1. Which condition breaks for Ile179 when tested against (1) at pLDDT 85 or above; (2) assigned by TED's automatic domain parsing to the domain that holds Asp245; (3) over 21 Å from the mean Cα position of the chain (by Cα)?
2. Filter the range 151-169 for residues that are small (Gly, Ala, Ser) and in contact with a Phe, Trp or Tyr (Cβ under 9 Å, 6 or more places away or on another chain); which is farthest from Pro270 (Cα to Cα)?
3. Take residues that are out of contact with any Ser or Thr (no Cβ under 8 Å at 6 or more places or on another chain) and at pLDDT 90 or above and tell me which of the strands (runs of 3 or more DSSP E) falling wholly in the range 57-117 contain 1 or more.
4. How do the pairs read when you match residues in the range 262-291 that are in the same structural domain as Pro339 (by TED's automatic domain parsing) and more than 22 Å from Ala128 (Cβ to Cβ) with residues anywhere that are surrounded by 24 or more Cβ atoms within 10 Å (Cβ to Cβ) and acidic (Asp, Glu), using Cβ under 7 Å and keeping only pairs 6 or more apart or on different chains?
5. List, please: which pairs have Cβ atoms under 7 Å, are six or more places apart or on different chains, and start with a residue in the range 311-334 that is among the charged types (D, E, K, R) and end with one that is at pLDDT 90 or above and part of a strand (DSSP E or B)?
6. Test Thr172 against the criterion of being buried (at least 23 other Cβ atoms within 10 Å of the Cβ) and within 22 Å of the chain's Cα centre (by Cα), and give yes or no.
7. Across the range 134-165, what is the number of residues that are part of a strand (DSSP E or B) and more than 25 Å from Val330 (Cβ to Cβ)?
8. Residues that are at pLDDT 95 or above and in contact with a helix residue (DSSP H, G or I) (Cβ under 8 Å, 6 or more places away or on another chain): list the strands (runs of 3 or more DSSP E) wholly contained in the range 280-394 that include at least 1 such residues.
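The values are calculated or read from the model by the stated rules, or taken from the named source; none is laboratory data. Fair warning: this is a prediction, and the values are worked out from it, not measured in the lab. Positions of Cβ are backbone-derived with ideal geometry, glycine not excepted, and every protein chain shown enters the neighbour counts.
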Amino acid sequence: MFAPATASAATGLPELGSTDPGERGTPEAPAESAPPESGSSSEPSPGAGPQEAEARTDSRAVDGDDSSVIELDGDAGGGAGEDSVTVMGAVWDGAHTPDSISYRTQDPEGAWSSWEQFEVSDGAGPDAGTSESGGATAGTEPVVVAEGVAVEVKVDGPADAEVSVETVTTPTTGADEQIAQNSSFTGGAWDTGMGLVPRSEAAAAVVDSDAHRFGAATVAVNAGLTYVSRAEWGANESLKKCRPDTTSTNRAMVVHHTAGATSYTRAQVPGILRGILTYHTQSRGWCDMGYNMLVDRYGTIYEGRSGGLDRAVVGAHASGFNSGTFGVSVMGTYSSPAPGAVVNALGRVGAWQANKWGWDPTSRVTLTSGGSDTSRYPAGRKVTLPRIFGHRDTSHTSCPGNGLYGQLRQVRTKSLAGFTPPTNASAITKFYYANTAKTGSPTTDERCGLKNKGC
């Protein structure tokens, strides 16, 4: 069922090219070469094949200082529910930015939720000056509406702010239900979306039950990381507008949340992903989905932006700091701490990135800002950050929420537990990693005057 571990862009898409390591959002120091991989593959799993699912879109104009109620076009009673899910966002002319945009949802019984705020300056999008940014539209990040039958959106000034509310509703398919069953399996030698296992072990794991039978054909594996591929969750590859940029290496991982409901079911998650893809490409005008990977509240990992998981694909997740970073978004709002399964999954993704590109997930790295209207740092400013940091560290946003942001130290620690130092590491480095449980992580950088803070 799962597609190749390395997804390729559709034929005929414009090529944006590669990003030079010395340009925006890239590290100050020269990029390292990726260490040799073991267990990775670009071959499709046996029986792999894409699913197709319809996405219904709607646009509603809302002027400044006005509001509008939008009925959601879904199944099971006409709104979002277990048979469908809606992703919603707002876009506008960049010259007339609204002061604020808020929304509330109506449940099937007719009760309205409290008002929630869209982040008008969300800090996502392509880096300024790139080819991808040329077609981008100002807007919010998408929010998930898992159970509502209607939404009301209110725009506060200025009066000439012309906002378009975009909704994407997708049905839950039989393939989505199958993914939900497979990802909830917790026995045997591997766990879809949760495990770091060699491909040979995944291929050997075959499970029988009255409901379903699955094995190697239902899991994509890259260097030991299992995840749900784009083909499996039903990505419509024709929506992509261009091939994304690539750079020579990833030097850090950025953690996000998508905002919106966290009450979605396992089976609704593929529909959420299809909605985000549609909104990012058709409403925001980006080449592809902005995030490189996504994680649901159950801890299942999903492939995001296409271009190949064996490559350093530049996303559109942290404007000014996209190049040289890997963006991972957790679906939902995390003002409170995320479930342990989410922290574990982020730790596995962090370990996978650290092993692939050869960096300690508890270390720090210096990146150069590419600048943007929503970035905390002007173009050219050098910023030292943790290897695994939150979106709010580089943009004016609350992302990834206070709860999840407070758990990033745990994510780094879990990533370190899965990190193996390069084989050419010095004896001191090997000793450090072998005894980290006793010594703990570094508390500061060495500063002895030598290049790259060495002594």
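1. (3)
2. The first filter runs over the range 151-169 and keeps only residues small (Gly, Ala, Ser), leaving 157, 159, 161, 164.
Checking the rest, the ones that are also in contact with a Phe, Trp or Tyr (Cβ under 9 Å, 6 or more places away or on another chain) come to 161, 164.
Values: Ala161: 33, Ser164: 25 Å.
Within the range 151-169, the match that is farthest from Pro270 (Cα to Cα) is Ala161.
3. On the way: elements: 66-71, 84-92, 100-106.
Answer list for the range 57-117: 66-71, 100-106.
4. Hits for this filter: Ala267/Asp176; Val269/Asp296; Pro270/Asp176; Gly271/Asp176.
5. Arg311/Thr246
6. Details: buried (at least 23 other Cβ atoms within 10 Å of the Cβ): yes; within 22 Å of the chain's Cα centre (by Cα): yes.
Spelling it out, Thr172 is indeed buried (at least 23 other Cβ atoms within 10 Å of the Cβ) and within 22 Å of the chain's Cα centre (by Cα).
7. Applying the first criterion (part of a strand (DSSP E or B)) to the range 134-165 yields 138-139, 143-145, 150-156, 162-165.
From what is left, the residues that are more than 25 Å from Val330 (Cβ to Cβ) are 150, 152, 154-156, 162-164.
The number of residues fulfilling the criteria is 8.
8. Values: elements: 293-295, 301-303, 325-330, 364-368, 382-386, 388-390.
Passing ranges, in order: 293-295, 301-303, 325-330, 382-386, 388-390.
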